[in-house]
Amino acid sequence: MRVYTALLILFFPALLMAQVDISQHIVPGRSNSTRQQQKPYVILISADGFRNDFADKFQAKHLQQLRSSGVAAKGLIPSYPSLTFPNHYTLVTGLYPAHHGLVDNTFYDKKRKELYRLGNRKAVEDSSWYGGTPLWVLAEQQQMITASFYWVGSEAAVKGIRPTYYYRYNDSIDIDTRIQAVKEWLLLPEDKRPHLITFYLPQVDHEAHMYGTDAPQTEEAVHFVDESIGKLVRMTDSLKLPVNYIFLSDHGMINADTVNLLPMPAAIDTSKFKVPDGDVLVHLYAYDTNDVADAYQALKQQAVDYDVYRAKEVPARWHYGASDDWYQRIGDIILVPRAPKSFSFRKRRYQLAGKHGFDNALPEMQATFYAWGPAFRKQQQIAAFENVHVYPLIAKILGLNITEKIDGSLKVLKPILK
């Protein structure tokens with residue numbers, strides 16, 4: 001599988017600069033308690049952008065077989081906005097993005113007067129941006145060792161805690177090396193062995209962005225992920241440990257309209273509003289709140305192929321309005337394009353063929369959820385559900401006590417457990 005350099009150069013220059021660090025980081029002095037050594041294991045795998053129909057569309061044979069031995073959901077409903085950073089962090093906190101603080105891949109915090117951007121390594125590793133209690137933090141607080149081969153938030157010491165074993169994100173480590181690392185973790189002495197492992201695969205998202213959802217490159221990426229999961233499962237099964245697998249994705253993908261792009265509306269006065277660059281969601285942060293009403297009315301009158309919302313008027317089903325904005329990071333006004341249209345505020349060398357971030361109710365935005373292992377019922381199909389419910393499911397399997405209020409509920413997925 002080729003290296004996905006082009007897209008990384010386009011979106012993640014700061015991450016590329018940090019690729020020199022391919023070493024495993026280990027937090028010293030930690031051990032599983034005797035009680036936690038008796039617990040089962042969970043490997044949480046995310047294949048970024050793996051839409052809910054991709055396994056069948058492209059005949060991902062390993063995943064088809066594995067899901068048949070466990071649980072398969074019709075879909076996994078991402079939180080709004082259906083973007084990578086907000087949803088990966090929702091999956092491990094059980095909180096909607098407006099409740100955990102990562103409200104977009106790029107957003108502004110008025111109180112801090114700072115911008116959070118997914119390609120800014122300083123921000124990505126700054127724990128003060130992250131709310132909630134990630135699963136690895138919850139586990140480590142209860143003397144259970146964890147490991148991460150990438151996940152949003154795992155490089156920041158949220159509540160002062162990182163996974164015991166973790167890597168800084170880079171695209172330089174090949175898949176066989178990553179799988180070998182998981183094997184070495186599971187072969188550690190019981191007091192040092194992680195019971196929760198997160199594992200992230202970006203390939204499908206990269207290729208679907210570049211070439212669209214029907215392209216042979218996207219099919220190749222799906223097969224790469226499928227083969228990788230097959231290798232990982234064969235390896236872990238050989239160790240004869242009670243490993244439970246959850247394979248999911250953060251969002252789906254749609255073929256974008258790359259011709260009829262939406263320009264910056266004339267009603268936006270950038271001397272009155274801070275406007276971070278966005279294509280599927282645009283935030284307008286007012287320097288003076290007295291300017292919001294007039295701008296809102298002007299934008300409403302001009303709007304074609306996009307919707308305009310004041311923070312207090314956002315659809316309740318998104319959990320993204322003013323009353324949900326715990327960290328005050330959502331724009332005073334947001335612009336939401338109607339898929340497959342998107343905004344383009346600056347000249348780009350080319351437009352991405354596939355996009356996500358749109359209304360999470362759209363069929364094309366639906367993500368994937370499969371689960372198998374000793375904790376799960378066999379050959380069970382379930383309806384689509386919101387991704388906030390994954391957190392209490394994993395906590396239940398690992399016997400962890402949830403210590404803070406979350407948006408997810410165990411009752412939604414409890415029936416899939418034995």
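Please treat every number below as a calculation from the coordinates, not as lab data. None of these values were measured; they are calculated from a predicted model. Positions of Cβ are backbone-derived with ideal geometry, glycine not excepted, and every protein chain shown enters the neighbour counts.
Compared with the direct C-alpha span, the chain from GLU313 to GLN301 gains 2.7 nm at full extension, assuming 0.36 nm per residue. With both residues required to sit in the chain, DSSP beta bridges show an antiparallel share near 55%. Computed on segment 273-351, with alpha-carbon pairs under 8 angstrom and 6+ residues apart, the relative contact order is 38 percent.
Dipole magnitude for the chain: about 1020 debye, using +1 per Lys or Arg Cβ and -1 per Asp or Glu Cβ, origin at the Cα centre. Kirkwood hydrodynamic radius computed over segment 108-258 comes to 17.4 Å, based on all pairs of distinct alpha carbons. The residue among HIS209, ASN170, THR198 whose Cα reaches farthest toward the positive pole of the charge dipole of segment 169-247, with charges on the beta-carbon of Lys, Arg, Asp and Glu, is THR198. Can you give the FRET efficiency for SER23 and ARG234, using 1/(1 + (r/R0)^6), R0 = 30 Å, r = Cβ-Cβ distance, to the nearest 0.05? Computed FRET efficiency for SER23 and ARG234 comes out at 0.65. Specify which residue in the list PRO97, GLN381, SER128 is farthest towards the positive end of the charge dipole of the chain, using unit charges on the beta carbon of Lys, Arg (+1) and Asp, Glu (-1), about the Cα centre. My answer, from the dipole projection, is GLN381.
Given a Förster distance of 41 Å, report the FRET efficiency between GLU227 and SER128 from their Cβ-Cβ distance, rounded to the nearest 0.05.
After rounding, the FRET efficiency stands at 0.55.
A simple rule links phi to the HN-Hα coupling: the Karplus curve 6.51 cos²θ - 1.76 cosθ + 1.60 with θ = phi - 60°, which for segment 255-265 gives 6, 7, 7, 8, 9, 8, 7, 8, x, 4, x Hz, with x for Gly and Pro. In order along segment 80-89, phi translates into HN-Hα couplings of 8, x, 7, 10, 5, 5, x, 7, 4, 6 Hz, rounded to whole numbers, per the Karplus curve 6.51 cos²θ - 1.76 cosθ + 1.60 with θ = phi - 60° and x for Gly and Pro.
In segment 206-309, Cα pairs under 8 Å separated by at least six residues give a relative contact order of 18 percent. Distance between the pseudo-spin-label points of ALA322 and LYS57 (7 Å out from Cα toward the beta carbon): 3.9 nm.
Extension gain, GLN143-SER68: 0.36 nm per intervening residue step, less the Cα-Cα distance, totals 23.6 nm.
In order along segment 337-343, the phi-based Karplus estimate (6.51 cos²θ - 1.76 cosθ + 1.60, θ = phi - 60°) of 3J(HN,Hα) comes to x, 8, 4, x, 6, 8, 7 Hz; Gly and Pro are listed as x.
Using the Cβ-Cβ distance between LYS405 and ALA157 with R0 set to 22 Å, the FRET efficiency works out to roughly 0.50.
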